[in-house]
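Beneath this line is the structure, given in structure tokens, with notes to follow.
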Amino acid sequence: MKLLITNGHLIDPTENQNSGKNLLIEDGRVAAWIGQNESAPEDAEVFDASGMIVAPGFIDLHVHLREPGQEHKETIASGCAAAAAGGWTSVCPMPNTQPINDNAAITRYMIEQAERAGLANVFPVGAITKESSGSELAEMGEMKAAGAVAVSDDGRPVPNAGMMRRAMQYAKDFDLPVVDHCEDKSLSSGGVMHEGKLSLLLGLKGMPALAEEIDAVRDIILAKETGAHIHIAHISTKGAIEAVRRAKNEGINVTCEVTPHHFTLIDSAVEGYDTNTKMSPPLRSEEHLEAIIEAIKDGTIDAIATDHAPHHADEKALEYDSAPFGITGLETAIGLAFSELVHKGIVDLVRLVELCSTNPAKIFRLKERGTLKAGSIADITILDPQLEWTYKNSDSKSKSRNTPFDNRNFTGAAVATIVGGKIVYRRELKENDL
Ligand SMILES: [Zn+2]
């Protein structure tokens, strides 16, 4: 089976490639790059990518797929469908399923469900501690052998520094990055939005920026001491960003990701008490947004990850204090990245590909991904930077609809997603394209 992607603009930061090239895919792998005036095999299926960017497949380091246990919110199949429609060829689900993914059997189950769906690669993140309870280390080696690519207790961050130190030593033995949701709950617990002027005005309990910064600083110190690789999830505060910048300058093995909602929105979005603005970490104030933009520009932030967190409409229909944290994000992320970063001149297209593909592959050591080098696995995202479109929740492939971005207009979209050489998503022109 051959697929020839013609007339596209090929961007592959791993090969310093940024110009027009045709791409030949054979048996699920990149077979060759062919000059656009050179002859190409005639027995290949042709995908005309005129006016489009052809990039190594986008990899989302942080999603919640809810299976096993909460299939009314999302299944691995529906989450993978949303991923493909959003331009993501691979997603890395967090372990907070029911039961928690703290063992090889669940890790394996998640991968098998994804293979059955055949829409995106799933690289699970295993738990750091059993049941993410913070008291006993999980079997990291067995989870890694089953296909886990990192460990995290995500929303239930390890509260105890001694336990986190042992976890880092253990994870390092297995060359597993420790994904770190930085939140000292003794400072943030009970909070529902960013602590500041606005939380006072709205009468909602705040989560101080300090809660993130303190945990980030603690874990950077532990990473320095243990030599483990920590990857700070959904970084959202100026203080944590400054800590990461200092740590990188010191040569400490730390990377970090940002979500599209944190580089787009601030806490003023909470004013209407729409529970689709409630997430953890919360939307911060202007000074934090500015720090995030600066860190995207200067390379302190390594990756864009969605933190796709589906919830059923009934659950989000509660009052603000009681509604669960999190929003969906797989199908709006690339639109937001184009509209808020590329078209505002914050990043160029090469850096966008680094943030969404090359760097995520490196951070989770995903071999033969995040590159279009000949011989690598043919995971490819095809982008139209100029496509004007409107996101409609009713079109979503996710089982959930909890996003603040319904009806938002975007310029720029993923128009096709190829996984292992197979076209798993191709955007049709929609009524609501502008
Ligand atoms: Zn988290």
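For the chain, find the longest principal axis of its Cα atoms and tell me its angle to the long axis of helix 286-298, 0 to 90°, nearest 10. Here the helix axis deviates by roughly 40 degrees. Taking the 1.4 Å solvent-accessible surface of the stretch 300-378 as the whole, the part contributed by carbon and sulfur is 52%. A viscosity of 1.567 mPa s and a temperature of 4 °C, combined with the Kirkwood radius over C-alpha pairs in the Stokes-Einstein formula, give the stretch 59-174 a diffusion coefficient of 93 µm²/s.
Note the direction-averaged projected area, equal to a quarter of the hull surface, for the Cα convex hull of the stretch 315-360, in nm².
Working: hull surface 18.6 nm².
Seen from a random direction, the Cα hull of the stretch 315-360 projects 4.6 nm² on average.
When a 1.4 Å probe is rolled over the protein heavy atoms, the share of accessible surface on the stretch 48-116 that falls to carbon and sulfur comes to 52 percent. Of all beta bridges that DSSP places with both ends in the chain, some 55 percent have antiparallel geometry. With a Förster radius of 35 Å applied to the C-beta separation of residue 408 and residue 225, the computed FRET efficiency comes to 0.20. Here's how it looks for residue 29: its modeled amide H is under 5 Å from those of 378, which are all 5 or more places away or on a different chain.
Geometric descriptor of the stretch 336-434, per residue, is 128 Å³ (volume of the convex hull of the Cα atoms). Shown in residue order for the stretch 400-412 are the 3J(HN,Hα) couplings computed by the Karplus curve 6.51 cos²θ - 1.76 cosθ + 1.60 at θ = phi - 60°: 10, 10, 7, 9, x, 9, 4, 6, 7, 8, 10, 10, x Hz (x for Gly and Pro). Please report the carbon-and-sulfur percent of the accessible area for the stretch 243-283; probe 1.4 Å, protein heavy atoms only, DNA, RNA and ligands left out. Roughly 44 percent of what the probe reaches on the stretch 243-283 is carbon or sulfur. Note: relative contact order over the stretch 225-323, using C-alpha pairs below 8 Å and six or more positions apart, is 33 percent. For the chain, the spread of Cα positions along the three principal axes, ordered from largest to smallest, is 64, 47, 42 Å. Could you tell me the relative contact order of the stretch 89-204? Use alpha-carbon pairs under 8 Å, at least six residues apart, and round to a whole percent. That works out to 23 percent.
Counting 0.36 nm for each residue step from residue 18 to residue 72 and taking away their Cα separation leaves a gain of 15.2 nm.
Sort the following peptides by mean Cβ neighbour count (other Cβ atoms within 10 Å, averaged over residues), highest first: 156-162, 36-42, 60-66. Display every interim value, and only then the final one.
Values: 156-162: 16.4, 36-42: 10.4, 60-66: 28.4.
Sorting 156-162, 36-42, 60-66 by mean packing, highest first, produces 60-66, 156-162, 36-42.
For the stretch 140-264, compute Rh as the Kirkwood radius over C-alpha pairs and then the Stokes-Einstein diffusion coefficient at 4 °C and 1.567 mPa s; write the answer in µm²/s, rounded to an integer. Diffusion coefficient, whole number: 85 µm²/s. Amide H contacts under 5 Å for residue 304: 258, 356, restricted to partners 5 or more places along the chain or on a different chain, H placed in the peptide plane at 1.01 Å from N. Charging the Cβ of each Asp and Glu at -1 and of each Lys and Arg at +1, and nothing else, the dipole of the stretch 103-256 about its Cα centre rounds to 280 debye.
Give, in nm to one decimal, the length gained when the segment between residue 373 and residue 2 is fully stretched (0.36 nm per residue of separation minus the Cα-Cα distance).
131.9 nm
If R0 is 45 Å, the Cβ-Cβ spacing of residue 242 and residue 313 corresponds to a FRET efficiency of close to 0.70. Between residue 346 and residue 271, the modelled labels are 2.0 nm apart [label points 7 Å from Cα along Cα→Cβ]. Averaging over all projection directions, the Cα-based convex hull of the stretch 1-113 occupies 8.8 nm² in the image plane. Of the options 190, 56, 402, report the single residue whose Cα projects farthest towards the positive end of the charge dipole of the chain (beta-carbon charges: Lys, Arg +1; Asp, Glu -1). Result: 56, furthest along the dipole toward the positive end.
All distinct Cα pairs of the stretch 125-186 go into the 1/r average, and the inverse of that average, the Kirkwood radius, is 11.3 Å. A P(r) calculated from all alpha carbon pairs of the stretch 225-299, with 10 Å bins opening at zero, reads 18, 48, 24, 9, 1 percent. With respect to the cross-link table entries 130/367; 2/373; 278/362; 130/248; 73/422; 297/344, which display a Cα-Cα separation exceeding 19 Å? In this structure, 130/367; 278/362; 130/248; 73/422 lie more than 19 Å apart at Cα.
Work out, in µm²/s and without decimals, the Stokes-Einstein translational diffusion coefficient of the stretch 220-263 at 25 °C, 0.890 mPa s, Rh from Kirkwood over C-alpha pairs. Spell out each step's value before the answer.
Working: Rh = 10.7 Å.
Approximately 229 µm²/s, per Stokes-Einstein.
Counting Cα-Cα pairs of the stretch 177-250 in 10 Å increments starting at 0 gives whole-percent bin shares of 20, 47, 24, 9, 1.
Shape analysis of the stretch 281-351 yields a ratio of the Cα radius of gyration to the Kirkwood radius, Rg/Rh, of 1.04. Mean separation of Cα pairs under 8 Å and 6 or more residues apart, divided by the residue count, gives the chain a relative contact order of 19 percent. The simple spin-label model puts a point 7 Å past each Cα toward its Cβ; for residue 392 and residue 29 those points are separated by 4.2 nm.
Provide the per residue accessible area, probe 1.4 Å, for the chain, rounded to a whole number of square angstrom. Present the calculation step by step, with values, prior to reporting the outcome.
Values: 16250 Å² over 434 residues.
Result: 37 Å² per residue.
Computed from Cα atoms, the angle from the helix 161-173 axis to the main principal axis of the chain rounds to 30 degrees.
The values are calculated or read from the model by the stated rules, or taken from the named source; none is laboratory data. Everything numeric here is computed off the predicted structure, so don't read it as measured data. Here Cβ is always computed from backbone atoms with ideal geometry, including for glycine, and neighbour counts include all displayed protein chains. What goes into the accessible areas is simple: the full protein's heavy atoms, side chains included, and nothing from ligands, DNA or RNA. Shrake-Rupley method; radii C 1.70, N 1.55, O 1.52, S 1.80 Å.
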